[in-house]
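One structure is given here, and the rest of the page talks about it.
The values are calculated or read from the model by the stated rules, or taken from the named source; none is laboratory data. Since this is a predicted model, take the numbers as computed values, not measurements. Here the Cβ positions follow ideal geometry from the backbone for every residue, glycine too, while neighbour counts run over all protein chains shown. Note: accessible area is taken over every heavy atom of the protein model, side chains too, but ligands, DNA and RNA are not part of it. Shrake-Rupley method; radii C 1.70, N 1.55, O 1.52, S 1.80 Å.
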Amino acid sequence: TRSATLSIRRRCMLRRPIASLRLSPARLMSHWSSVPLGAPDPILGLVEAFKLDPSPDKISLSVGAYRTDEGKPWVLPSIMDAERRVLAKGADKEYLPITGLAPFVNLAREFAMGKESPAIQQKRCASVQTLSGTGACRVVGEFYAKFLAPAFAGEKVPIYLPKPSWGNHAKIFSAAGMEVRTYRYWDPSTLGLDLPGMLEDLGNAPEGAAVLLHACAHNPTGVDPTQEQWGAISAVLKKRNLSVFLDSAYQGFASGDAEADAYAMRKLEEDGHHYALSQSFAKNFGLYGERVGALSMICASPEEAERVESQLKLIIRPMYSSPPLAGARIVHEVLSDPALCAQWRGGGGLMGQKKI
């Protein structure tokens, strides 16, 4: 019968040797067979090479991390004390909100902009915790690419970086969808700042374009504008109505004096710039692997700040959802305690003096 014939066929198929069930070469091919080998990062690649080098006389000139005279990492005493206090409190390990640990964020922006900052006092500063300074750069890059776009008629929004700049800056903003351009900064003939070239290039930038400025300890040259030069730079930025982004990765580590290192951030706010500010606590607090950072954006009103923050949250949520907790608690513990903060300032001053 028909049903009996079908049953016999099924049994025969089940008894067929597995070797006869051949797969085509296409089905054996990996989906990733055409993926090329990526080039190692020029900075972090050197770190890996340094770790693998067995030489006892090796010296690392790669990542800008503080080391003792013996070449060993140094955890600041204030950071160790703060971490012990945080652990003693037995706080939970719950997820942070998208915007991060609010007490940390509030003290972080005061640390940079000052307690008397009009934007902070008037509640018109939108701030979020980020994955260190790198995360802040990427978030603001996404924000700029979307909300500065109407002024550039469908073209990519330009962002001007100093030449040279930190090696990752161009990659971050390019990946965020911006067009990376440069302005003159370093003058090899004087080993100093090319202020005329810088002012000319910024003066020729299209109105509304973004421009990145290193708040202090310019990376990689170490050359910063004087206070008088900051005044001239501020005037050009205002004349061209440029969207200013300050990247602050070394406050307190640059000169050893956190207040002196905050000059540009406070000067530009005083001059009326509604800038964005990235902060990293990797170098100055020695919290390299904790990824502690913040992004603040000065707005025209509290209502505008609320809208800006809502958009920052929409960028962050699908990117990394919420920031890490441990390092933010440590920085908050330091900045919220006068004795610990004074101890940190002493340690930061030591690092700054030994670096110089």
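Here are the numbers:
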read-out	value
Residues of segment 257-266 classified as part of a loop (DSSP other than H, G, I, E, B) and open to solvent by 20 Å² or more (accessible area, probe 1.4 Å), total	1
Number of positions in segment 178-200 that are outside any strand (DSSP E or B), closer than 16 Å to F245 by Cβ and open to solvent by 30 Å² or more (accessible area, probe 1.4 Å)	0
Yes/no for A65 being closer than 27 Å to A339 by Cβ and surrounded by 12 or more Cβ atoms within 10 Å (Cβ to Cβ)	yes
Breaking point among (1) surrounded by 16 or more Cβ atoms within 10 Å (Cβ to Cβ); (2) modelled with pLDDT of 95 or more, for Q121	(1)
Residues of segment 278-308 satisfying the condition of being touching a helix residue (DSSP H, G or I) at 6+ places or on another chain (Cβ under 6 Å) and aliphatic (A, V, I, L, M)	A282, L287, V292, A294, L295, M297, I298
Subset of segment 125-183 [more than 22 Å from D201 (Cα to Cα), without any contact (Cβ under 8 Å) to a residue 24 or more places away in the chain and within 18 Å of the chain's Cα centre (by Cα)]	none
Whichever residue in segment 277-302 is small (G, A, S) and either touching a Leu at 6+ places or on another chain (Cβ under 7 Å) or surrounded by fewer than 23 Cβ atoms within 10 Å (Cβ to Cβ) (or both) and, among such residues, is farthest from H214 (Cα to Cα)	S301
Cβ-Cβ under 7 Å pairs, at least 6 apart or on other chains, segment 282-308 side over 22 Å from P97 (Cα atoms) and at pLDDT below 95, far side among the hydrophobic types (A, V, I, L, M, F, W, C) and surrounded by fewer than 21 Cβ atoms within 10 Å (Cβ to Cβ)	G286/W74; G286/V75; Y288/A65
Residue within segment 272-285 that is out of contact with any Gly (no Cβ under 9 Å at 6 or more places or on another chain) and part of a strand (DSSP E or B) present	yes
In segment 68-89, residue modelled with the highest pLDDT [restricted to those that are assigned to a loop (DSSP other than H, G, I, E, B), open to solvent by 60 Å² or more (accessible area, probe 1.4 Å) and more than 19 Å from A254 (Cα to Cα)]	K72
Qualifying position, being open to solvent by 50 Å² or more (accessible area, probe 1.4 Å), modelled with pLDDT of 95 or more and either among the polar types (S, T, N, Q) or not in a loop (DSSP other than H, G, I, E, B) (or both), among K156, K171	K171
